[in-house]
Amino acid sequence: MSDYDYDLFVIGAGSGGVRAARIAATHGAKVAIAEEYRYGGTCVIRGCVPKKLFVNSAKFSEEFSHAHAYGWDLNGTPTFDFARLVANKDREIARLEKIYRTNLDKAGVELFDSRAVVEGPNQVRLLASDTVITAKYILIAVGATPNVDATIEGGEHIITSNEAFHMENLPESIVVVGGGYIAVEFAGIFAGMGAKTTLVYRGEEILRGFDDDIRKTLHEDMVRKGIDVVTQDNIASIAPQAAGNYLVTTKAGRELSVDKVMMAIGRRPNTAGLGLETAGVEMDASGAIKVSPDSQSSVPSIYAVGDVTGRANLTPVAIREGHAFADTVFGGNPWHVNHDLIPTAVFSQPEIGTAGFTQAEAEARFDNLDIYTASFRGMKTILCGTDDKVMMKLIVDADTDKILGVHILGPEAGELIQMIGVTLQMGATKADYDRTIAVHPTAAEELVTMKVPTQKIRK
């Protein structure tokens with residue numbers, strides 16, 4: 001008989017926690033999981049999935065504007081029903097949450113709809129029933145939560161991405177604060193749906209950490225699509241007005257009258273009030289749990305995966321970390337996630353796909369580089385008379401010919417970068433790309449037809 005109620009107790013039923021629970025159960029472990037809100041976590045409930053649905057919706061306005069050039073005439077002016085979109089989104093989220101619950105149940109995992117807190121290396125308390133449960137291992141998979149700047153006067157009027165998915169009406173005007181991927185994605189969403197949109201970011205250029213050429217080109221395209229992008233500024237105050245909207249004043253003295261203010265300035269690990277300190281779990285200044293490569297915390301019986309560790313805040317990474325943990329601890333198959341060369345997408349408009357090193361990162365690590373870039377009008381928009389650009393960039397180690405990074409801005413960049421990521425994991429060289437026959441006519445063919453470097457960097 002075990003000395004514990006469970007072999008594994010998981011706190012948080014997001015993508016990482018659910019994967020870990022299911023895999024551990026298939027390895028024969030007795031597993032339970034607790035979730036205080038809804039099963040599916042940030043990605044399914046208030047992140048990737050609803051966001052992509054909103055992005056899909058926002059893209060239709062541009063599709064409608066391009067239709068005439070391709071011979072189509074729309075009968076009347078297209079209208080947009082935001083409430084219908086929200087209702088349809090909610091129905092899809094409910095369907096996905098049910099699947100998460102069903103899969104856990106089929107795997108033999110016991111589900112608790114309750115907030116759980118840690119009370120020791122092997123103890124958790126379910127707050128809904130005030131019950132103490134013991135487990136040989138505890139896995140923390142509680143994700144992250146939006147940051148809000150508490151210094152802003154009138155900050156109680158701010159919404160975050162959490163609330164943006166549940167608004168009753170589409171605002172006619174909105175200020176989005178931030179310059180990361182969530183901010184630029186929502187700026188594109190609101191603008192595409194017809195809202196007058198202003199993006200305010202305190203930094204010099206949006207999307208810090210991404211390749212500089214991609215950042216600059218996206219900024220230009222966002223402005224071209226009607227978004228007012230304000231950099232090197234931040235909001236100072238938000239004051240309600242008689243008309244029911246808000247007067248936003250920035251630190252540089254700008255005044256904006258808008259219906260909504262959304263803050264997207266990053267996310268912080270959701271560890272507050274979780275009791276980790278009482279168990280001796282070490283965290284960094286942001287509240288992220290410090291873990292080893294195999295996701296073990298400073299307390300041997302407590303592990304953590306996903307955004308709560310601050311390693312790479314991406315759903316597929318959390319899933320891989322959860323799977324690796326379960327295989328290692330319960331499956332007799334130790335392995336850990338390689339956090340290098342992670343392909344990722346930003347569902348901005350236009351879309352971004354990126355894998356590997358940025359040019360700045362590569363220059364800091366390698367002596368000799370060849371940079372290949374291509375910028376052109378996509379075939380889809382040629383008939384429409386727009387100036388939308390597709391941009392592609394390859395970063396190559398000139399000494400080994402190995403491709404170090406690929407960056408794409410344009411339609412379906414996220415779909416492209418998934419397969420590009422495979423080639424980088426395999427160690428593809430520029431010669432491998434050169435030997436690959438192009439698929440014509442596509443934008444992606446540029447990746448295998450760029451022959452002459454646009455820039456040579458030698459140290």
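The values are calculated or read from the model by the stated rules, or taken from the named source; none is laboratory data. None of the values given here were measured: they were computed from a predicted structure. With ideal geometry, Cβ positions are generated from the backbone for all residues, glycine too; neighbour counts draw on all protein chains shown.
For this structure, a couple of remarks:
- Selection within the stretch 101-116 - under 28 Å from Ser292 (Cβ atoms) and either surrounded by 18 or more Cβ atoms within 10 Å (Cβ to Cβ) or of a type in the set (Ser, Thr, Tyr) (or both): Leu104, Val109, Phe112, Ala116
- Asp294 vs. criteria surrounded by fewer than 20 Cβ atoms within 10 Å (Cβ to Cβ) and modelled with pLDDT of 95 or more: yes
- Thr249 vs. criteria part of a strand (DSSP E or B) and either free of Cβ contacts under 8 Å to residues at least 24 places away in the same chain or within 19 Å of Gly12 (Cβ to Cβ) (or both): yes
- Every listed requirement among (1) touching a residue at least 12 places away in the same chain (Cβ under 8 Å); (2) surrounded by fewer than 16 Cβ atoms within 10 Å (Cβ to Cβ) is met by Ala438 save one, (1).
- Of the criteria (1) closer than 27 Å to Lys196 by Cα; (2) surrounded by 13 or more Cβ atoms within 10 Å (Cβ to Cβ), which one Ile93 fails: (1)
- Of the strands (runs of 3 or more DSSP E) lying entirely inside the stretch 130-235, those containing at least 1 residues that are farther than 30 Å from Lys393 by Cβ, in contact with a helix residue (DSSP H, G or I) (Cβ under 9 Å, 6 or more places away or on another chain) and of a type in the set (A, V, I, L, M) are 131-140, 173-177.
- Condition check for Ala24: among the small types (Gly, Ala, Ser), surrounded by 17 or more Cβ atoms within 10 Å (Cβ to Cβ) and more than 25 Å from the chain's Cα centre (by Cα): yes
- Single unsatisfied condition, Glu119 versus (1) surrounded by 14 or more Cβ atoms within 10 Å (Cβ to Cβ); (2) under 30 Å from the mean Cα position of the chain (by Cα): (2)
- When Lys260, Lys216 are checked against the criterion of being in contact with a His (Cβ under 9 Å, 6 or more places away or on another chain), among the basic types (Lys, Arg) and at pLDDT 95 or above, Lys260 stands alone in meeting it.
- Apart from one condition, Glu277 fits all of (1) within 24 Å of the chain's Cα centre (by Cα); (2) without any contact (Cβ under 8 Å) to a residue 60 or more places away in the chain; the exception is (1).
- For the stretch 131-162, the candidate set comprises residues that are of a type in the set (D, E, K, R) and in contact (Cβ under 8 Å) with a residue 40 or more places away in the chain; within that set, the residue that is farthest from Lys290 (Cα to Cα) is Glu153.
- Here Val132 meets the list (1) touching an Asp or Glu at 6+ places or on another chain (Cβ under 8 Å); (2) β-branched (Val, Ile, Thr); (3) buried (at least 17 other Cβ atoms within 10 Å of the Cβ) almost entirely, failing just condition (3).
- Some residue of the stretch 355-370 being of a type in the set (Phe, Trp, Tyr), part of a loop (DSSP other than H, G, I, E, B), modelled with pLDDT of 95 or more and within 21 Å of Gln418 (Cβ to Cβ): yes
- Residues of the stretch 298-325 classified as surrounded by fewer than 23 Cβ atoms within 10 Å (Cβ to Cβ) and in a loop (DSSP other than H, G, I, E, B), total: 9
- Screening Phe366, Phe357 for residues that are of a type outside the set (A, V, I, L, M) and within 21 Å of the chain's Cα centre (by Cα) leaves exactly one candidate, Phe357.
- Helices (runs of 4 or more DSSP H) contained entirely in the stretch 1-115, each with at least 2 residues that are over 17 Å from Gly322 (Cα atoms) and either aliphatic (A, V, I, L, M) or touching a residue at least 12 places away in the same chain (Cβ under 8 Å) (or both): 41-46, 48-67, 82-106
- For the criterion of being over 15 Å from the mean Cα position of the chain (by Cα) and either surrounded by fewer than 18 Cβ atoms within 10 Å (Cβ to Cβ) or not basic (Lys, Arg) (or both), Leu207 fails.
- Out of Val176, Val261, Val230, sole residue that is more than 29 Å from Ile45 (Cα to Cα), of a type in the set (Val, Ile, Thr) and either buried (at least 23 other Cβ atoms within 10 Å of the Cβ) or without any contact (Cβ under 8 Å) to a residue 40 or more places away in the chain (or both): Val230
- Sole exception among (1) surrounded by fewer than 19 Cβ atoms within 10 Å (Cβ to Cβ); (2) of a type in the set (Gly, Ala, Ser); (3) closer than 21 Å to Asn368 by Cα for Gly405, by number: (1)
- Subset of the stretch 326-349 that is more than 16 Å from the chain's Cα centre (by Cα) and not in a loop (DSSP other than H, G, I, E, B) - its residue that is surrounded by the most Cβ atoms within 10 Å (Cβ to Cβ): Ala326
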